[in-house]
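The structure under discussion appears below in the form of structure tokens.
Since every read-out is calculated from the coordinates, none of them should be taken as a lab result. All figures in this text were calculated on a predicted structure; none of them were measured in a lab. Here Cβ is always computed from backbone atoms with ideal geometry, including for glycine, and neighbour counts include all displayed protein chains.
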Amino acid sequence: MIYTDTRDKSVQVDFRTAVLNGMNKSTGGLYIPVSFPKLDAGFINKTPVPNFREIAVNMAKPYVGDEIPEGDLISIINDAYPFLASVMPLDRTSYVLELFNGPTCAFKDFGARFMARVMSYFNKDENSPLHILVATSGDTGSAVGSAFHNVPGLDVTILYPEGKISKIQEKQLSTFDGNVRALKVKGTFDDCQKLVKTAFTDEELRAKLRLSSANSINISRLLPQSFYYMYSSLVVRERAWGDSKIDSPAIITIVPSGNFGNLTSGLIAKEMGAPITGFVAATNSNRTVPDWIATGEYNARPSVATYANAMDVGAPSNYERIISMYSLEKVRELFASYWLDDSGIIDSIKHCYEKTGYTIDPHGAVGWKAWYDIKTGAMKNLVDGVKNDITKPGLTPNIPAWADKVVNNQAVGIILETAHPAKFGETVKQATGQSPVLPDRLEKVMLKEDKSIPMDNDFSKFKEWLFENLKA
Ligand SMILES: *Cc1c(COP(=O)(O)O)cnc(C)c1O
């Protein structure tokens, strides 16, 4: 597969270059495959539905081409995914896709674990380690740390703002040993990010150490997220009649979004033939994308803090990929958009719990409320001409091409549940009165020793530390 650049279509690189560079430094653009090949119809229409790893291998194949032979790709996928994504019915026309079965209990495990193994594969012939530097405000760091832990040839240094992340998040970051370590910086997330960015541009450091990043714009994190869209849409297509008694319902996927990497992966799956009719772009109060879809004007803005904090993004970087794939008109046909403020998030967790018995996390809660409202009247009102004010939470005034399917009760929804509710126990308890039970792997991490290393917010000290502690 050839990869081009969202800002310069004359760029053509291979998969290895796209993965190891992360982004195109000379244009500031993001890598994107030149095409999204359709999966074989025989494969997509198999009954029973192929298993998750089989789907993963078939979907990854065209993107790695002959750069990773099939046998090696199968090993990478098997090693990356000892866990699965699970489809759970909530009511006749709603499913949740649980994406928290990985080691850090958030969907980012799917992308980060594939990326780590692909980077290790491409680094195997080098005789020096590749040093990954990552600044985190919480969730990304733990997914990356866990994904790269004990992966040969790779070494990870995580920077996080001391005192500004949750107890669970800090434990998840600071208790690694071996090739992964965490520096707790006396500063903010932006300070951490600045230290990392400065390191990447420091000639002396670059001459001694091979440095790379692992952030969410890397194409090798986006591609594997498309696997679970394909898998879940095939599973739901197969079982939907039994649950809903609707003949061939339209499948709508509801995606709680921040940086819009996850939703972009959904678009890739649809291009490859996943039976998904449309998407709901669901956000918290950081409603840059819903506003864009409603008004046609894109205005990035500073992020605001919410209960669904992994979605606190005011300038989503994958917007650039979305507009390189589709026109605004096409986006408006495919997407409904919806946003929810903090009190709406609490209400939604409570509502989902009372209606279905299911404990949903604050991110998934945005998706639950979006789908519930859409199918119980919000879309009908919109079609009938009653428009919601875009500055108020709710469905934004855009009528997608699939609106009539929902209005006529011919649709089912898949809500992506992006994190385990126990990661946000206090918020969930505030809503339901019950503390979610910690899964075993989170409980174990809480008992581990904190090994974080204190670091001043000072580039020369950071640099000195890197020279003294990282192997060339
Ligand atoms: C990162 C994250 C999101 C947002 O995903 P994007 O790809 O940035 O849109 C949603 N929920 C959780 C729990 C996350 O960690």
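Worth pointing out:
- By the count of other C-beta atoms within 10 Å, a proxy for reagent exposure, 351, 363, 420 are ordered fewest to most as 351, 420, 363.
- Considering helices alone, the calculated mean residue ellipticity of the chain at 222 nm is -13000 deg cm²/dmol, with DSSP H runs of length four and up weighted by -39500 (n - 2.57) and normalised per residue.
- Sorting the Cα pairs of the chain by distance into bins of 20 Å, from 0 upward, gives 25, 59, 16, 0 percent per bin.
- Ratio Rg/Rh, restricted to segment 28-145 and using Cα atoms, in which Rh is the Kirkwood radius: 1.00
- Qualifying trypsin sites (Lys or Arg not before Pro) in segment 164-261, DSSP loop, other Cβ atoms within 10 Å at most 12: 245
- Dipole-positive endmost among 365, 379, 447 within segment 364-472 (Cβ charges, Cα centre): 379
- Near residue 303, the amide H atoms lying under 5 Å from its own belong to 314; only residues 5 or more places off or on other chains count, and H is placed 1.01 Å from N.
- Separation of alpha-carbon centers, segment 134-156 and segment 92-133, rounded to whole Å: 9
- Those GluC sites (Glu not before Pro) in segment 415-454 that DSSP places in a loop and that have at most 16 other beta carbons within 10 Å: 449
- Between 0 and 90°, nearest 10: helix 261-271 axis offset from the chain longest Cα axis: 60
- Per-residue Cβ neighbour rank within 10 angstrom, fewest leading, 175, 356, 391: 391, 356, 175
- In the chain, the longest principal axis of the Cα atoms and the axis of helix 342-356 are about 60 degrees apart.
- The slack between residue 298 and residue 426, meaning 0.36 nm per residue of separation minus the straight C-alpha distance, is 42.7 nm.
- On Cα atoms only, tilt of 459-469 relative to the major axis of the chain in degrees: 70
- Sites matching GluC sites (Glu not before Pro) across segment 225-316 that sit in DSSP coil, with at most 13 neighbouring C-beta atoms within 10 Å: 297
- Segment 1-76 versus segment 413-467: alpha-carbon centroid distance in Å: 31
- Sorted by Cβ neighbour density within 10 Å, fewest at the top, the residues 265, 257: 265, 257
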